[in-house]
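After the structure tokens below, expect a handful of questions from me.
The values are calculated or read from the model by the stated rules, or taken from the named source; none is laboratory data. What you see is a predicted model, and the numbers here were worked out from it, not measured in a lab. So basically every Cβ, Gly included, is an ideal-geometry build from the backbone, and we count neighbours across all protein chains shown. Keep in mind that these areas ignore ligands, DNA and RNA; they rest on the heavy atoms of the full protein, side chains included. Shrake-Rupley method; radii C 1.70, N 1.55, O 1.52, S 1.80 Å.
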Amino acid sequence: MFRMGAVVLTMVLLVVSACTAPERAAEDLGWRTIALPGAFPRTLAVDGDRVLVAGEKGRYEPAAWVVDRSVTALALRPHSGYGPTADLVAATLSGDTVTFVGQRAGGAHGIPRWTIWGGTVSGGADDLPQTFETFGGPDSLGLVGLQTVAGEPLLLGNWADGPSGPAFWRATGARWARAPTTLTGFLASGFGVLGGRPVVVGHSTSGGSLRPTVWLGSTDLRSWRAVPLGDAPVARALDLSCAGAVCLVAVRTPGKGLSVWEIGETARELPAPEMAGGAEWAQVVAGPDGGRVVAFGSADRSVFCYWKVDDWRYAVPPTGVVRDLAAVGNRFVAIVGDGEQESSPRELVTT
């Protein structure tokens, strides 16, 4: 879940999966491949002009790189049983500090076995063994996202201990443990940071509805304010991204398609882009100086467009489905690739 020069940073960017565009002039952003031989990049994290790329290389070997003017591989040191084969699926970068979440299916039921990694860009990251049920066990409903909040890494997932709902983990030294929170009564699907405070998007399922809502929280996780995203009885929040003073959320509603919401103190639905009715997936990115970025797609259509002043503008998309997208300084970086399997090819591209 992880994003533009003076022109690009004032826009909402839309990407739709194949390679066709509306019948209007399309700006050529000059996408090119960043070579990561044998790699399967999964996720991006940004700090300033640097992007942290994480995933695996070859098959079943964790890998991470920092990309700025060059590509630098990070040293990763596994120590737990699943560390040597972990696929790094979440990451955060803050100055020199890095944190990763890895997963690998294992055990008799093939459920995710989670690993947590911490360290620095300059010194590398260590796999930090935890007790067996720290992130898993019978009450786990999976992990959702990783962010830096108040200068420290914070992990979000879902838990079924009592009423099912969000759960947070914080680190004390090398040991991670669940942190108390008053946030309950829904399942989380996305995680961001707005003004240094945690932001969670998820779905309330009361009364048979599936209503996406954003919760704006305090750094101690005890005070939360709900911001509903429309009144459709059934809708799904696909992705969340926050930067500066704004968050973006992509929502898919049956019969309507994709909508894009801007979250500050309140929620505002942006005008619907062309061809959003058939969108099946989406990624969103809030640019560091107020840019708005969204990637969405379907099986038979490809559109890359951005919001500038009061209208949609179009650009040539990268080839393939966009899996993650970042605004890094004055350029875009994206993970692209078709296919849903873990072994499906993935590439890192940039403008």
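Restricting to the range 76-101, give me the number of residues that are β-branched (Val, Ile, Thr) and over 18 Å from Leu155 (Cβ atoms).
Residues of the range 76-101 β-branched (Val, Ile, Thr): 85, 89, 92, 97-99, 101.
Subsequent filtering for residues that are over 18 Å from Leu155 (Cβ atoms) retains 85.
Final tally of qualifying residues: 1.
Here's another thing I want to ask about it. So which of Gly329, Gly291 ends up being small (Gly, Ala, Ser), crowded, with 22+ Cβ neighbours inside 10 Å and modelled with pLDDT under 85?
Details: Gly329 fails: crowded, with 22+ Cβ neighbours inside 10 Å.
Answer to the check: Gly291.
Checking the structure you have, find out if any residue of the range 160-167 is of a type in the set (Asp, Glu) and either at pLDDT 95 or above or assigned to a strand (DSSP E or B) (or both). Even if it seems obvious, please write down each step before you answer.
So the first thing to find is which residues in the range 160-167 are of a type in the set (Asp, Glu), and the list is 161.
With either at pLDDT 95 or above or assigned to a strand (DSSP E or B) (or both) added as a condition, the list becomes none.
No, the range 160-167 has no match at all.
Residues are listed down the side, and each one gets a yes or a no for (1) open to solvent by less than 10 Å² (accessible area, probe 1.4 Å); (2) at pLDDT 95 or above; (3) of a type outside the set (Asp, Glu); (4) farther than 15 Å from Gln283 by Cβ:
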position: Leu9; (1), (2), (3), (4): no, no, yes, yes
position: Cys19; (1), (2), (3), (4): no, no, yes, yes
position: Ile34; (1), (2), (3), (4): no, yes, yes, yes
position: Leu44; (1), (2), (3), (4): yes, yes, yes, no
position: Gly48; (1), (2), (3), (4): no, no, yes, yes
position: Ala54; (1), (2), (3), (4): yes, yes, yes, yes
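Could you figure out which of (1) open to solvent by less than 70 Å² (accessible area, probe 1.4 Å); (2) modelled with pLDDT of 95 or more isn't true of Glu61?
Of everything listed in (1) open to solvent by less than 70 Å² (accessible area, probe 1.4 Å); (2) modelled with pLDDT of 95 or more, Glu61 misses just condition (1).
Quick one: Ser140 ticks every box in (1) in contact with a helix residue (DSSP H, G or I) (Cβ under 8 Å, 6 or more places away or on another chain); (2) among the polar types (S, T, N, Q); (3) modelled with pLDDT under 95 except a single one, so which number is it?
Evaluating Ser140 over (1) in contact with a helix residue (DSSP H, G or I) (Cβ under 8 Å, 6 or more places away or on another chain); (2) among the polar types (S, T, N, Q); (3) modelled with pLDDT under 95 leaves (1) as the failure.
When the range 203-253 is examined, which residues are found to be over 19 Å from Ala282 (Cβ atoms) and assigned to a loop (DSSP other than H, G, I, E, B)?
Thr205, Ser209, Ser218, Thr219, Asp220, Leu221, Arg222, Ser223, Asp231, Pro233, Gly244, Ala245
Kindly indicate whether any position in the range 149-167 is among the β-branched types (Val, Ile, Thr) and open to solvent by 20 Å² or more (accessible area, probe 1.4 Å).
Within the range 149-167 (the criterion being among the β-branched types (Val, Ile, Thr) and open to solvent by 20 Å² or more (accessible area, probe 1.4 Å)), the answer is no, since none of the residues qualifies.
Which of the residues belonging to the range 234-289 are among the acidic types (Asp, Glu) and either in contact with a strand residue (DSSP E or B) (Cβ under 6 Å, 6 or more places away or on another chain) or under 27 Å from Leu146 (Cβ atoms) (or both)?
Initially, the range 234-289 is screened for residues among the acidic types (Asp, Glu), giving 239, 262, 265, 269, 274, 280, 289.
Passing the criteria: Asp239, Glu262, Glu265, Glu269, Glu280, Asp289.
Would you point out which residue out of Glu269, Glu274, Glu265 is in contact with a Ser or Thr (Cβ under 8 Å, 6 or more places away or on another chain), open to solvent by 60 Å² or more (accessible area, probe 1.4 Å) and not β-branched (Val, Ile, Thr)? Outline the logic, then answer.
On the way: Glu274 fails: in contact with a Ser or Thr (Cβ under 8 Å, 6 or more places away or on another chain); Glu265 fails: in contact with a Ser or Thr (Cβ under 8 Å, 6 or more places away or on another chain).
Within the list Glu269, Glu274, Glu265, the selection yields Glu269.
Val284 is checked against (1) assigned to a strand (DSSP E or B); (2) out of contact with any Gly (no Cβ under 7 Å at 6 or more places or on another chain); (3) more than 25 Å from Arg268 (Cβ to Cβ) and fails just one. What number does that condition carry?
So Val284 meets the others, but not (3).
What's the number of the condition Gly137 fails, among (1) open to solvent by less than 60 Å² (accessible area, probe 1.4 Å); (2) under 18 Å from Arg50 (Cβ atoms); (3) in a loop (DSSP other than H, G, I, E, B); (4) among the small types (Gly, Ala, Ser)?
(2)
Return the pairs, sorted by first residue and then second, in which the second residue is open to solvent by 10 Å² or more (accessible area, probe 1.4 Å), the first residue lies in the range 225-245 and is hydroxyl-bearing (Ser, Thr, Tyr), the beta carbons are less than 9 Å apart, and the residues are 6+ apart or on different chains.
Going by the 9 Å Cβ cut-off, the qualifying pairs are Ser241/Met1; Ser241/Phe2; Ser241/Arg3; Ser241/Gln283.
Also, I was wondering about something else. Would you point out which residue out of Gln130, Gln103, Gln147 is closer than 25 Å to Ser189 by Cα and touching a Leu at 6+ places or on another chain (Cβ under 6 Å)?
Values: Gln130 fails: touching a Leu at 6+ places or on another chain (Cβ under 6 Å); Gln103 fails: touching a Leu at 6+ places or on another chain (Cβ under 6 Å).
Among Gln130, Gln103, Gln147, only Gln147 is closer than 25 Å to Ser189 by Cα and touching a Leu at 6+ places or on another chain (Cβ under 6 Å).
Looking at Gly195, Gly202, can you tell me which residue is of a type in the set (Gly, Ala, Ser) and either more than 19 Å from the chain's Cα centre (by Cα) or open to solvent by less than 20 Å² (accessible area, probe 1.4 Å) (or both)?
Numbers: Gly195 fails: either more than 19 Å from the chain's Cα centre (by Cα) or open to solvent by less than 20 Å² (accessible area, probe 1.4 Å) (or both).
Only one candidate passes the filter, namely Gly202.
Does Pro129 qualify as being modelled with pLDDT of 95 or more, more than 20 Å from the chain's Cα centre (by Cα) and outside any strand (DSSP E or B)? Please lay out each step first, then the result.
Working: modelled with pLDDT of 95 or more: yes; more than 20 Å from the chain's Cα centre (by Cα): yes; outside any strand (DSSP E or B): yes.
Against the criterion (modelled with pLDDT of 95 or more, more than 20 Å from the chain's Cα centre (by Cα) and outside any strand (DSSP E or B)), Pro129 qualifies.
Say we look at the range 226-241 and pick out the residues that are within 26 Å of Ala45 (Cβ to Cβ) and open to solvent by 30 Å² or more (accessible area, probe 1.4 Å); which of these is nearest to the chain's Cα centre (by Cα)? Walk me through how you get there before you give the answer.
Initially, the range 226-241 is screened for residues within 26 Å of Ala45 (Cβ to Cβ), giving 227, 229, 236-241.
So of that shortlist, the ones also open to solvent by 30 Å² or more (accessible area, probe 1.4 Å) come out as 236, 238.
Values: Arg236: 16, Leu238: 10 Å.
Per the criteria, the residue is Leu238.
Now for a different question. Does the range 109-116 contain any residue that is more than 20 Å from the chain's Cα centre (by Cα), surrounded by fewer than 23 Cβ atoms within 10 Å (Cβ to Cβ) and in a loop (DSSP other than H, G, I, E, B)?
yes
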